[in-house]
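Everything below concerns the one structure shown next.
The values are calculated or read from the model by the stated rules, or taken from the named source; none is laboratory data. Treat the numbers as computed from the prediction; the structure is a model and nothing was measured. Counting neighbours? That spans all protein chains shown, and the Cβs are built from the backbone with ideal geometry, glycine included. For accessibility, only protein heavy atoms count, side chains too; no ligands or nucleic acids. Shrake-Rupley method; radii C 1.70, N 1.55, O 1.52, S 1.80 Å.
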Amino acid sequence: MTTVSIGRRAVCANLLAAAISLIFQPLQAQTPAGATVALTGARLIDGTGAAAVENATIVIASGRIVAAGPSASVTVPAGATRISMAGKTILPGLINTHGHVTVDDNTKLPMREHMLQVLKAYADYGVTAVVSLGSSTLADEAEGFRIREEQRNGIIDRTRLITAGMNAIGKTPEEARASVARLASVKADLIKYHINGRPDDMTPDIYGALVDEAKKRNLMTAVHIFYLKDAKLAIEKGTNHIVHSVRDQDVDQELIAAMKRNNVAYVPTLTRDLSVFVYETEPAFWQEAFFKKGMYRYQTEVDILKDPKLQMETRNSAAAQSIKKALQQANRNLKILSDAGVLIGMGTDTSSPNDLGRWPGYFEHVELEMMVQAGLTPMQALKAATGDAARIMKLDQLGTIAPGKAADLLVLNANPLTNIRNTREIDSVWIAGKKL
Ligand SMILES: [Zn+2]
């Protein structure tokens with residue numbers, strides 16, 4: 001062996017390296033089921049609204065959280081892979097309780113590719129679950145259910161999709177019941193319907209039947225409203241969630257009492273209203289690096305919204321301009337309802353079919369910022385986007401960092417409790433214990 005040439009040694013070394021990489025590469029490429037990972041030294045915001053824990057450790061195995069808490073009180077199992085998260089903040093992945101994952105006329109991609117790209121955008125921005133409240137067609141409804149099943153069967157490299165399918169509708173109580181029955185038969189996760197405040201709305205006896213049919217089938221209902229009177233009527237009929245802001249006047253004690261009595265949640269979607277008028281000029285946020293990283297999804301809509309003619313139309317649109325005032329009202333009502341102890345869920349209406357400029361991923365961070373500008377604390381806004389969002393949508397496995405929960409995590413390089421804009425300082429996103 002003393003005569004081994006340099007060349008031979010090089011070959012041996014290469015063989016050895018190849019053998020080592022054969023052994024270890026699969027382990028690095030995908031954490032095998034059962035492999036245990038300990039994230040150490042982070043600030044932990046667990047999603048329940050409890051005070052942050054400094055120097056926390058989170059233990060993950062098989063896609064779930066095994067333990068989480070102060071490092072001094074969490075035992076890291078022997079053989080676990082330790083990853084230092086010193087200086088970082090870990091919170092549950094964000095949950096959007098009102099988004100959309102549907103076909104869209106403004107995309108250049110085929111339907112399924114478009115829907116998967118929307119889910120990728122959500123994931124890249126740390127939104128690890130989205131409740132899609134309204135498909136566009138029976139085809140994208142079916143694709144949504146297919147994508148949801150794929151995720152349930154172990155595909156975990158994209159945002160979790162929960163979907164209502166098409167909106168429930170009907171011209172008679174019987175038709176409304178049949179619409180809910182169809183959605184139940186295709187396994188919709190919940191039921192969404194609209195009261196627009198227009199003469200062609202379903203009447204209260206029709207949507208009352210709709211809600212009743214959903215209850216019989218153990219499905220939650222979410223309603224699109226604008227007016228206080230419609231929110232009250234919907235709750236009177238048993239609707240579970242109000243998924244846009246009340247924007248015509250201050251909410252009153254009657255509404256607050258009804259919401260609390262019936263445990264009705266409120267999803268403000270402030271960015272939805274922002275999107276109606278903000279493209280009257282080119283918004284400054286288009287220049288933000290954090291926005292630009294989503295251009296693979298946003299570019300086609302940015303190009304459309306850059307059109308000076310479209311911007312002028314928005315400036316001259318009485319309907320669009322009136323939403324500026326409606327948004328101020330929405331801000332007021334969010335603060336009133338939050339102070340009153342009504343359950344708030346973060347939602348955005350992002351990727352609403354054929355509505356331009358509702359950016360999946362980016363707008364969830366703007367929504368959090370706007371919620372804080374409306375008067376919520378950063379902790380209240382984050383709770384609405386994690387623990388409370390999961391509670392509202394009955395996503396028992398998601399939304400908090402606690403033993404047994406899915407390891408869906410958002411790791412930040414800065415503390416969002418001192419500045420909510422720090423949710424944009426993303427270090428990494430984890431879904432089911434896997435770093436994307
Ligand atoms: Zn919507």
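Listed values, structure above:
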| item | result |
| --- | --- |
| Filtered residue count, the range 69-111, keeping only those that are open to solvent by 20 Å² or more (accessible area, probe 1.4 Å), within 16 Å of the ligand (Cβ to nearest atom) and assigned to a strand (DSSP E or B) | 0 |
| Hey, V246 within 15 Å of the ligand (Cβ to nearest atom), over 21 Å from D307 (Cβ atoms) and open to solvent by less than 30 Å² (accessible area, probe 1.4 Å) or not | no |
| Pairs, first farther than 24 Å from A222 by Cβ and in contact (Cβ under 8 Å) with a residue 40 or more places away in the chain in the range 93-112, second open to solvent by 40 Å² or more (accessible area, probe 1.4 Å) and within 15 Å of the ligand (Cβ to nearest atom), C-beta under 7 Å, six or more apart | D105/N354; N106/N354; N106/L356 |
| In the range 202-225, the residues that are more than 16 Å from the ligand (Cβ to nearest atom) and open to solvent by less than 30 Å² (accessible area, probe 1.4 Å) | M202, I206, Y207, G208, A209, L210, V211, E213, A214, L219 |
| Given (1) modelled with pLDDT under 95; (2) among the acidic types (D, E); (3) in contact with a strand residue (DSSP E or B) (Cβ under 6 Å, 6 or more places away or on another chain), number of the condition D355 does not satisfy | (3) |
| Positions within the range 147-169 being at pLDDT 95 or above and among the β-branched types (V, I, T), in sequence order | I147, T159, I162, T163, I169 |
| Residue ID - nearest to the ligand (Cβ to nearest atom), chosen from residues in the range 177-201 that are touching an Asp or Glu at 6+ places or on another chain (Cβ under 7 Å) and of a type in the set (G, A, S) | G197 |
| Unmet requirement for M259, which otherwise passes all of (1) more than 16 Å from the ligand (Cβ to nearest atom); (2) within 20 Å of G361 (Cβ to Cβ); (3) not β-branched (V, I, T) | (2) |
| Failed item in (1) more than 16 Å from the ligand (Cβ to nearest atom); (2) polar (S, T, N, Q); (3) in contact with a strand residue (DSSP E or B) (Cβ under 6 Å, 6 or more places away or on another chain), with Q373 passing the rest | (3) |
| Residue within the range 19-34 that is modelled with pLDDT of 85 or more, outside any helix (DSSP H, G or I) and open to solvent by less than 70 Å² (accessible area, probe 1.4 Å) present | no |
| Test result for Y279, touching a Phe, Trp or Tyr at 6+ places or on another chain (Cβ under 8 Å) and more than 16 Å from the ligand (Cβ to nearest atom) | no |
| Qualifying residue in the range 327-340 (condition: among the acidic types (D, E) and more than 24 Å from the chain's Cα centre (by Cα)) | no |
| Filtered residues of the range 112-138 (kept if within 16 Å of the ligand (Cβ to nearest atom) and over 15 Å from the mean Cα position of the chain (by Cα)) | S135, S136, T137 |
| Flag if T57 is within 19 Å of L409 (Cβ to Cβ), among the polar types (S, T, N, Q), open to solvent by less than 80 Å² (accessible area, probe 1.4 Å) and at pLDDT 50 or above | yes |
| Residue in the range 183-191 that is surrounded by 23 or more Cβ atoms within 10 Å (Cβ to Cβ) and of a type in the set (D, E, K, R) present | no |
| Residues (more than 28 Å from the chain's Cα centre (by Cα) and part of a helix (DSSP H, G or I)) located in the range 301-313 | P308, K309, L310, Q311, M312, E313 |
| Extreme residue, farthest from I256 (Cα to Cα), among residues of the range 321-352 that are modelled with pLDDT of 95 or more and small (G, A, S) | S322 |
| Given (1) closer than 30 Å to Y266 by Cα; (2) more than 26 Å from the chain's Cα centre (by Cα); (3) β-branched (V, I, T), number of the condition V74 does not satisfy | (1) |
| Test: V302 is open to solvent by less than 30 Å² (accessible area, probe 1.4 Å), at pLDDT 95 or above and within 22 Å of I392 (Cα to Cα) | no |
